[in-house]
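This report refers to the structure that appears directly beneath it.
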Amino acid sequence: MAGNPGYGGVNVQSLRHGPLRQRGEPTGRVDGNSAGPPVLMVARAMHTQASTSARSRGFSLIELMITMAISMLIAAALAILLMKVSETNREQFKVSQQIENGRFATELIGTDLRHAGFYGGFSGLPAIGGALPDPCDLTLLPDGDVTAATTTSPLAFPVQGLNAATLTSALAIPAACQTWIDSASLKIGSDMLVVRRFDTVPLIDLEATPVRASATPASGQIYAQADTVTMNLKRGGGTAIDKTMAADGTASTLLRKDYTQALMGAPPLRPTIAAYIRKLHVYIYYVSTCRKGSGTNGKCLSADDSVPTLKRLELGAPGGAPTMTVVPLVEGIEFFKIRYGIDSTTDGAVDSYTPTPALADWQNVIQAEVRVVARNVDTSMSTDPKSYDLGSGLTYTPSGANAYYKRHLFSQQIYITNVGGPRER
């Protein structure tokens with residue numbers, strides 16, 4: 001070529017004759033951003049469709065049915081568990097209530113028996129008459145003195161009982177008590193217990209804290225004062241009294257030493273004041289056929305419930321005159337049976353037990369064996385297969401509809417301290 005000696009001329013023969021090679025289209029790359037050939041596109045589309053189908057197809061009908069069946073089984077198991085827990089809780093509540101009722105019943109009876117015959121400072125007991133008194137005959141408790149020679153006073157019997165010979169027979173209800181208790185109100189087969197005593201807290205007590213220097217005895221309520229040889233009964237007058245008066249407001253005839261005052265006179269002596277005034281308690285325990293009677297004086301009627309209930313008649317004066325009042329105590333008490341411990345040798349120890357002491361033995365009763373059958377108020381799912389020993393050869397075996405009540409037998413021996421205590425050597 002011009003200007004370059006090495007290329008001074010053109011070698012025409014060195015040039016290849018023919019058409020120039022045309023550059024073809026570049027080979028397409030297969031990547032995520034290019035469409036690629038049709039075969040690859042179809043394969044990729046099928047793969048994508050298969051993956052999407054596998055992810056979104058859900059449960060089959062069989063899988064759904066299995067899941068529902070398992071869920072129903074779990075729900076049923078939980079329901080059964082909940083039902084069993086509820087049933088167990090109900091039964092435990094029934095058992096707790098039954099035990100508490102039985103315990104409370106024996107505690108009430110035991111407390112009164114331990115205080116039976118507490119007559120203040122009176123020593124001994126009045127004489128026994130020709131027969132047991134009617135415990136509801138309040139004409140036998142007139143105002144006036146009672147001494148060891150008195151033969152007509154019910155206070156001669158701190159404890160008195162009436163016995164049902166069998167569990168299918170009723171005791172003979174005393175005539176005066178029929179005003180409050182009739183055959184429809186008394187549970188067949190159960191006994192009746194009478195307890196007589198004075199209240200342990202006097203109306204006026206100058207040595208108490210706080211001091212009770214005056215009081216107002218309830219109108220018509222029977223009160224008693226006592227020294228070592230005499231008991232004096234008086235109806236309350238309903239007016240305020242002081243340390244020199246009896247319950248009716250008159251001057252007291254029974255006196256005691258006033259140890260809150262200094263010695264006086266020559267020789268020096270304590271001044272005297274009225275003997276302690278105490279409320280007279282007469283309690284008659286029995287088992288009733290209903291919780292609370294809607295009949296006259298609390299008697300049970302056919303329309304009342306049939307839940308056996310421990311009740312007692314209490315001496316009071318709600319209307320200003322002495323009378324008995326029915327007081328429901330503990331529901332679910334089905335049987336109440338007593339055997340009495342007799343101290344025939346007067347040494348303070350029991351020599352024999354009997355449910356029916358002779359007339360002369362009632363003052364020798366120093367212990368009571370109390371048996372109480374407490375049952376649930378409501379029935380249970382299962383029956384009660386047990387039998388219950390009620391003493392004196394009597395056994396109670398529930399049957400029929402009664403067998404669906406759970407029961408428990410409570411037995412307790414209670415020492416009558418005010419009768420047996422002075423005999424101990």
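Only the coordinates and a few stated rules stand behind these numbers; no lab work does. Not measured: the values here are computed from a predicted model. Quick reminder, even Gly has a Cβ in these numbers, built from the backbone with ideal geometry, and neighbours come from all protein chains shown.
With each pseudo-label sitting 7 Å past Cα toward Cβ, what's the A176-A251 distance in nm, one decimal?
3.2
If the label point is 7 Å along Cα→Cβ of F104, which residues in segment 294-315 have backbone nitrogen under 16 Å from it?
307-312
Given R₀ = 45 Å, FRET efficiency for T397-L78 by Cβ-Cβ distance, to 0.05?
Details: r = 40 Å, r/R0 = 0.89.
Computed FRET efficiency for T397 and L78 comes out at 0.65.
What per residue convex hull volume, in Å³, do the alpha-carbon atoms of the chain yield?
On the way: hull volume 196.6 nm³, N = 425.
Output value, Cα hull per residue: 463 Å³.
By how many degrees, between 0 and 90 and to the nearest 10, does the Cα long axis of helix 38-56 differ from the longest principal axis of the chain?
0
If you line up the long axis of helix 61-115 against the longest principal axis of the chain, both from Cα atoms, how many degrees apart are they, to the nearest 10?
Taking Cα atoms only, the helix is inclined about 20 degrees.
Report, ordered by chain and residue number, the lysines lying within cross-link reach of K279, taken as a straight Cα distance under 23 Å and ignoring same-chain residues fewer than 8 apart.
Candidates past the 8-residue exclusion: K234, K243, K257, K311.
Which residue fluctuates most in the GNM of the chain (Cα springs below 10 Å): R197, R291, R90?
In this elastic network of the chain, the residue with the biggest mean-square fluctuation among R197, R291, R90 is R90.
Residue by residue, what Karplus-based ³J(HN,Hα) values in Hz, rounded to whole numbers, does segment 314-320 have, using 6.51, -1.76 and 1.60 with θ = phi - 60° and x for Gly and Pro?
So the J values, rounded to whole Hz, are 10, 6, x, 8, x, x, x.
Which order results if K299, K84, K243 are arranged by neighbouring Cβ count within 10 Å, fewest first?
K84, K243, K299
Within segment 184-287, report the chymotrypsin sites (Phe, Trp or Tyr not before Pro) that DSSP leaves as loop and that have at most 13 other Cβ atoms within 10 Å.
Values: sites: F198, Y223, Y259, Y276, Y283, Y285, Y286; in loops: Y259, Y276.
Counting only loop positions with at most 13 other Cβ atoms within 10 Å, the chymotrypsin sites (Phe, Trp or Tyr not before Pro) in segment 184-287 are Y259.
In deg cm²/dmol, rounded to 500, what helix-only [θ] at 222 nm does the chain give when every DSSP H run of at least 4 residues adds -39500 (n - 2.57) and the total is split over its residues?
Result for the chain: -6500 deg cm²/dmol, rounded to the nearest 500.
Taking the Cβ of Y405 as the centre, find all other residues whose Cβ is under 11 Å away and add up their charges (Lys, Arg: +1; Asp, Glu: -1). Each step should come with its number before you reach the end.
Values: positive: K94, R375, K406, R407; negative: E334, D378, D384.
With Lys, Arg at +1 and Asp, Glu at -1, the net is +1.
Can you give the longest run of the chain that contains no GluC sites (Glu not before Pro) sitting in a DSSP loop with at most 14 other Cβ atoms inside 10 Å? Write down the numbers at each step before the final one.
Details: sites that count: E207, E424.
No qualifying site falls inside 208-423, the longest such stretch.
Among the lysines, which have Cα under 20 Å from the Cα of K406 when same-chain residues fewer than 8 positions away are ignored?
Counting by Cα, and skipping residues close in sequence, K406 has these lysines nearby: K84, K94, K187, K337, K386.
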